[in-house]
1. Within the stretch 180-211, can you find the residues that are over 19 Å from the mean Cα position of the chain (by Cα) and assigned to a helix (DSSP H, G or I)?
2. Before we move on, is Arg175 farther than 18 Å from Ala54 by Cβ, over 17 Å from the mean Cα position of the chain (by Cα) and at pLDDT 90 or above?
3. I want to confirm something. Restricting to the stretch 155-182 and keeping residues that are in contact (Cβ under 8 Å) with a residue 24 or more places away in the chain, more than 21 Å from Ile112 (Cβ to Cβ) and not charged (D, E, K, R), which single residue is surrounded by the fewest Cβ atoms within 10 Å (Cβ to Cβ)?
4. Which residues, counting only those in the stretch 1-51, are in a helix (DSSP H, G or I) and surrounded by 15 or more Cβ atoms within 10 Å (Cβ to Cβ)?
5. Might you check whether a residue that is surrounded by fewer than 17 Cβ atoms within 10 Å (Cβ to Cβ), of a type in the set (Asp, Glu), in a helix (DSSP H, G or I) and at pLDDT below 90 occurs anywhere in the stretch 108-122?
6. Of the numbered conditions (1) in a helix (DSSP H, G or I); (2) within 23 Å of Leu218 (Cα to Cα), Ile138 satisfies every one except a single condition; which is it?
7. Under 8 Å between Cβ atoms, at least 6 apart or on separate chains: pull out the pairs that start in the stretch 68-88 with a residue that is under 13 Å from Asp205 (Cα atoms) and end on any residue that is of a type in the set (Phe, Trp, Tyr).
Amino acid sequence: MAQKLEFDQLLEAGVHFGHLKRKWNPAMAPYIFMERNGIHIIDLHKTIAKAEEAAAALKQIARSGRKVMFVATKKQAKQIVGDLAQSVNMPYVTERWPGGMLTNFPTIRKAIKKMATIDKMKKDGTFETLSKREKLQIDRQRAKLEKNLGSVQDMTRLPSALFVVDIMKEHIAIREANRLGIPVFGMVDTNSNPNDIDFVIPANDDAGKSIEVILGYLCEAMKEGLEERKVEKADAAAADAQDDEDAPKKDRKPRAGAKKTVAKEDKDAMNAAVVGKFAKEEE
């Protein structure tokens with residue numbers, strides 16, 4: 001398993017800081033340790049337990065070759081989430097969430113294909129035959145698509161899970177995932193409702209350090225899953241190669257069996273001839 005989360009490490013990153021008491025959501029009560037100076041303090045023991053549970057599930061998803069989409073459109077999380085999602089080769093959304101990204105996925109795929117078509121035009125020289133105005137319009141369109149969908153252009157089907165940093169800000173993404181039955185992993189602060197989240201990680205979702213520590217831990221677990229998948233694939237390939245080498249030997253066995261059959265038939269014919277000879281002699 002990935003390197004264990006340490007209590008002091010979370011404390012140092014400020015993962016335990018919740019929101020003001022007056023902003024709290026009562027559904028988060030089981031994850032709140034205490035209140036200090038009007039601010040709720042998150043129980044870090046529960047954070048560690050929940051993060052380990054989420055890491056195990058994400059590891060299995062990565063190991064099975066499926067995708068997890070990371071969503072974080074808030075300013076302090078964009079860069080961190082983008083870098084960590086790229087490190088595990090997963091799709092992510094750090095700009096505005098395009099409505100219908102999940103529930104209207106075929107339309108999103110069309111927009112992604114349009115990007116690919118523009119790139120193809122630039123490669124094969126078709127782009128150069130266009131007028132200056134058309135070139136400008138296509139370039140602007142390509143830049144807009146790249147900004148909103150560039151990070152998901154390798155996604156050919158719906159993700160198997162969604163990871164959300166701020167569940168209040170990304171409520172549309174969560175609603176779409178819930179409608180499609182896609183499991184949602186989320187960093188949940190004391191002002192949020194955790195009921196729509198399948199894997200709740202109670203943590204401070206505003207501090208960059210807090211996001212980095214939690215997400216870094218989960219991505220390490222996913223890397224382990226991806227490595228295990230590579231090893232399994234290599235073992236399967238080696239087993240297939242071994243089977244191919246053994247195949248000629250297997251082919252020879254039926255031929256040996258065929259010889260036995262022929263030999264048996266010859267024996268029967270010889271026996272019949274001998275019986276016939278004795279019958280003639282008796283006559």
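The values are calculated or read from the model by the stated rules, or taken from the named source; none is laboratory data. Everything numeric in this text was worked out from a predicted model, so none of it was measured. Note that each Cβ is placed from the backbone with ideal geometry, even for glycine, and that neighbours are counted across all protein chains shown.
1. Once the filter is applied, which keeps residues that are over 19 Å from the mean Cα position of the chain (by Cα) and assigned to a helix (DSSP H, G or I), the stretch 180-211 yields Pro194, Asn195, Asp196, Gly208, Lys209, Ser210, Ile211.
2. Answer is yes for this residue.
3. Filtering the stretch 155-182 for residues that are in contact (Cβ under 8 Å) with a residue 24 or more places away in the chain, more than 21 Å from Ile112 (Cβ to Cβ) and not charged (D, E, K, R), the one surrounded by the fewest Cβ atoms within 10 Å (Cβ to Cβ) comes out as Met168.
4. Of everything in the stretch 1-51, those that are in a helix (DSSP H, G or I) and surrounded by 15 or more Cβ atoms within 10 Å (Cβ to Cβ) turn out to be Gln9, Leu10, Ala13, Met28, Tyr31, Leu44, Lys46, Thr47, Ile48, Lys50, Ala51.
5. yes
6. Tallying (1) in a helix (DSSP H, G or I); (2) within 23 Å of Leu218 (Cα to Cα), Ile138 fails exactly one: (2).
7. Val71/Tyr92; Val71/Trp97; Val71/Phe163; Ala72/Tyr92; Thr73/Trp97; Val81/Phe70; Val81/Tyr92
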